[in-house]
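Okay, here's the structure, questions in a sec.
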Amino acid sequence: QVQVVESGGGLVQAGGSLRLSCAASGRIFSINSMGWYHQVPGKGRKLVAAMTLGGNTDYADSVKGRFTISRDTAKNTWYLQMNNLKPEDTGVYYCAAYVQGGLGATNSDVWGQGTQVTVSK
C-alpha cells in the first residue's frame, strides 16, 4: 500500500507564490512519473505539470514560465512551485503518480487528497 499526503495550499494575493508538496510512503520501489492536476468546481481535473522518471517535464500552456515541478527522489516527494499566481489558478490541486511497488508488490496510480489554492485579486 502506498499513501500520499499533500500540503502547501492556502490563500495568496495575485502575483504571490505557493509551493505544494506531495509525499508518498509505503511499499515504493520507484515513482515512475508524477504530476499535478488543477480542478475547479463543475469541471474535471486538468493536468498542469508532469515529470517523468528521467526528469523530463511538461506544463500546460496556462502555467508555463510560472509553475515548476520538481522532486526529491530520496524522500519520495515531489513539489509544485507556483509563482506569479493569478486568480484563474484558484482551485483544488491534486498530486498524482505511478508507483512501482517492486518484486511481489503491485504497481499503482496514487492520488493525493487535494489541497485548496485561492488567489485573490
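Nothing in this text is a laboratory measurement; each read-out follows from the coordinates by a stated rule. The structure presented is a predicted model; accordingly, all values stated were derived computationally and were not measured. We place every Cβ from the backbone using ideal geometry, glycine too, and count neighbours over all the protein chains shown.
With just the Cα atoms of the chain, tell me how far they stretch along each of the three principal axes, in Å, largest first.
51, 26, 23
Turning to a different aspect of this structure: List the lysines whose Cα sits under 19 Å from the Cα of LYS46, skipping any in the same chain fewer than 8 residues away.
Within the straight-line limit of under 19 Å, LYS46 reaches these lysines: LYS64, LYS86.
Expressed as cubic angstrom per residue, what is the convex hull volume of the alpha carbon set of segment 2-55?
117 Å³
So what are the ³J(HN,Hα) numbers for segment 66-83, from phi and the Karplus equation (6.51, -1.76, 1.60; θ = phi - 60°), rounded to whole Hz, Gly and Pro as x?
Result, rounded to whole Hz: 10, 10, 9, 9, 8, 8, 10, 4, 5, 9, 6, 10, 10, 10, 10, 8, 10, 10.
List the residues, sorted by chain then number, that are 5 or more residues from THR90 or on another chain and whose placed amide H is less than 5 Å from its amide H.
The answer is VAL119.
Let me ask something else about it. Sort 30-41, 1-12, 100-111 for me by packing, meaning the mean count of neighbouring Cβ atoms within 10 Å per residue, highest on top.
30-41, 1-12, 100-111
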